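Down below is the structure, laid out as structure tokens.
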Amino acid sequence: MDEIETEVVIAGAGPTGLMLAYELALAGVETLVLEKLAQRTEQVKGAGIQPRTAELLESRGLLEPLLRRATPHEPVGGHFAALPVPLDCAPWRTRHPFPIPIPQWELEEVLEERAVAAGARVLRGTAVSAVEPGDDGVVVTAGDSRARARYLAACDGGHSTVRKLLGLPFPGRPGTRQAVLADIRLSAVSPLVPQRIGHMSSLTRQADGYWAMLVPLGGDRYRITYGRTDQADTDRDTPVTDEEITAGLRAVYGHETTLGAVDNASRFTDATRQLEHYRVGRVLFAGDAAHIHPPLGGQGLNLGIQDAFNLGWKLAATVRGRAPSGLLDSYHAERHPVGAQVLHHTSAQRVLADPAPSEDVAALRDIFIDLLRLPDTNRHLAGLMSGLSLRYTLPGDHPLTGQRIPDADLVTDAGPTRVSALFGAGHAVLLDLAGTVPAGFRLPPRVDLVRATRTDDLGAATLLIRPDGYVCWAADGPAASGDALLAAITGNLATMP
């Protein structure tokens, strides 16, 4: 059996695991990704990047190659429970106000290329079969290899092998409804088949005991999600047949719509579960391994990628021995409430999006549609669904503490730039907009001092911004003393070497 020594092992090469691998490799951490599948499944699955995820990816220079692969679509806002009122993200000061549709496998391909280029290793066809955690590390057995690492990050999905091997409960609610997700090709289409991706409400239909959402992916390729409204669910492990998909297509889109081929198909439910603890000693959980919920509003993939952004820099600082006390534990403290909030509002959407609503639910939908047309309600839900309104609870009394930093225009001695361009190396940034940070001020590794003038108001003169783009300290007037600045840095980000 091969013996492998590394600093961090990641179980799972989905979007969460690969994003985490890139973050760790960018910080110089030896990272090994173990993936049970021998080859990537070219399945659309999580099919969209929310605005906040787009901002984070842009801050690492990862968005541009993804935009080149994006599915052609209308520039339209997201949705809440598929109700017919687009969510407007413009009030949240983002350069990416619309969700970006892209097949999950395309996202994974870009992330894996960048992670490997940064130094991470990805071993495919190696299913994790044993996990032995200890006080100073963890041993992971996968295939013919045993990997010894300081930490294990479980990013291996809703049926997480790591979670099961450790015997961890996954409390929540089992699924009560079932649907089919399939990537298909159509050899003929009726006028009812959408030709371009628009608002979610324009892509959904019901007829003859079926509900369906058909998303055009270009050419003859489509993604269909559908279920029955008039009979009991099929056993989830029963394979999805071409005949079953054909029946749903014809019921909703007419007999002129003809199935040409099925690339892949699977069943899913609306189960809602969340781990009680995202960290168990030397093992950390992220993405669907930590939380699952009804797939409403494009939350799952984005929640996992944002878990990885939060965890990556904290785990890297811990491995390198420069993390302040409690930094790694703050991953659970910050991300568990975010996951709980997503479970909460997707449960609400589950009721509102019922394809066969009761009279009372139909009345509730009507009222909710009216509320969505109110600017304040729309802004609130747009911030919630896009991730733009997320604010972490961090020490400090400045109004910006814990908020994301908008991608404002800046001018430095090197010329015009943007806030997003400051984070390509994955470092934290001390942004001095008033020229008041003391000359010769000593910073710890991976914290960059940027002196600039602003063309947009960022709400403070000096800001200390974490690698994941959230403000952890700010000052309105002249910067505090060097001692106060150092205390803010070493308390939130990293100790001095």
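The values are calculated or read from the model by the stated rules, or taken from the named source; none is laboratory data. Since this is a predicted model, take the numbers as computed values, not measurements. Note: ideal-geometry Cβ built from the backbone for every residue, glycine included; neighbour counts use all protein chains shown.
Some observations on this one:
- All conditions but one from (1) over 28 Å from Gly426 (Cβ atoms); (2) modelled with pLDDT of 95 or more; (3) assigned to a loop (DSSP other than H, G, I, E, B) apply to Arg273; the one that does not is (3).
Every residue, every condition in (1) touching a helix residue (DSSP H, G or I) at 6+ places or on another chain (Cβ under 7 Å); (2) under 27 Å from His332 (Cβ atoms), yes or no:
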position: Ser386; (1), (2): yes, yes
position: Ser389; (1), (2): yes, yes
position: Asp407; (1), (2): yes, no
position: Val429; (1), (2): yes, yes
position: Ala460; (1), (2): no, no
position: Ala487; (1), (2): no, yes
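- The requirement of being surrounded by fewer than 20 Cβ atoms within 10 Å (Cβ to Cβ), under 20 Å from Arg93 (Cβ atoms) and touching a Ser or Thr at 6+ places or on another chain (Cβ under 8 Å) is fulfilled nowhere in the range 434-443; no residue meets it.
- Some residue of the range 421-428 being in contact with a Lys or Arg (Cβ under 6 Å, 6 or more places away or on another chain), part of a loop (DSSP other than H, G, I, E, B) and crowded, with 18+ Cβ neighbours inside 10 Å: yes
- Output for the range 379-397, where each listed residue is part of a loop (DSSP other than H, G, I, E, B) and touching a Gly at 6+ places or on another chain (Cβ under 9 Å): Ser389, Leu390, Tyr392, Thr393, Leu394, Pro395, Gly396
- Scan of the range 462-480 for residues that are of a type outside the set (Ser, Thr, Tyr) and touching a strand residue (DSSP E or B) at 6+ places or on another chain (Cβ under 6 Å), ordered by number: Leu463, Leu464, Ile465, Arg466, Pro467, Gly469, Val471, Cys472, Trp473, Ala474, Ala475, Ala479
- Test: residue in the range 349-371 that is crowded, with 22+ Cβ neighbours inside 10 Å, at pLDDT 95 or above and within 27 Å of Gln403 (Cβ to Cβ): no
- Any hit, the range 43-51, residues being surrounded by fewer than 24 Cβ atoms within 10 Å (Cβ to Cβ) and more than 19 Å from the chain's Cα centre (by Cα): no
- Verdict on Gly281 being in contact with a strand residue (DSSP E or B) (Cβ under 7 Å, 6 or more places away or on another chain), touching a residue at least 12 places away in the same chain (Cβ under 8 Å), at positive phi and not assigned by TED's automatic domain parsing to the domain that holds Asp237: yes
- Those strands (runs of 3 or more DSSP E) lying entirely in the range 108-213 with at least 1 residues more than 21 Å from the chain's Cα centre (by Cα) and free of Cβ contacts under 8 Å to residues at least 24 places away in the same chain: 128-133, 138-142
- Residue in the range 261-270 that is closer than 20 Å to Arg205 by Cβ, in a loop (DSSP other than H, G, I, E, B) and at pLDDT below 90 present: yes
- Qualifying residue in the range 94-103 (condition: outside any loop (DSSP other than H, G, I, E, B), farther than 30 Å from Asp220 by Cβ and in contact with a helix residue (DSSP H, G or I) (Cβ under 8 Å, 6 or more places away or on another chain)): no
- Residue count for the range 344-371, restricted to those that are part of a helix (DSSP H, G or I), of a type in the set (A, V, I, L, M, F, W, C), within 22 Å of Met213 (Cα to Cα) and under 29 Å from the mean Cα position of the chain (by Cα): 5
Let's see how each residue does on (1) closer than 24 Å to Leu328 by Cα; (2) not small (Gly, Ala, Ser):
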position	(1), (2)
Ala118	yes, no
Leu123	no, yes
Ser129	no, no
Asp136	yes, yes
Asp144	no, yes
Ala149	yes, no
Leu181	no, yes
Ala188	no, no
Ile197	no, yes
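- Single residue of the range 398-418 satisfying the filter (outside any strand (DSSP E or B) and under 21 Å from the mean Cα position of the chain (by Cα)) that is surrounded by the most Cβ atoms within 10 Å (Cβ to Cβ): Ile405
- Among residues of the range 256-292 being farther than 23 Å from Asn302 by Cβ and touching a Gly at 6+ places or on another chain (Cβ under 9 Å), the one that is surrounded by the fewest Cβ atoms within 10 Å (Cβ to Cβ) is Gly281.
- Verdict on Arg379 being charged (D, E, K, R) and touching a residue at least 60 places away in the same chain (Cβ under 8 Å): yes
- Restricting the range 187-221 to residues that are touching a helix residue (DSSP H, G or I) at 6+ places or on another chain (Cβ under 8 Å) and within 17 Å of Ala261 (Cβ to Cβ), the residue that is surrounded by the most Cβ atoms within 10 Å (Cβ to Cβ): Leu214
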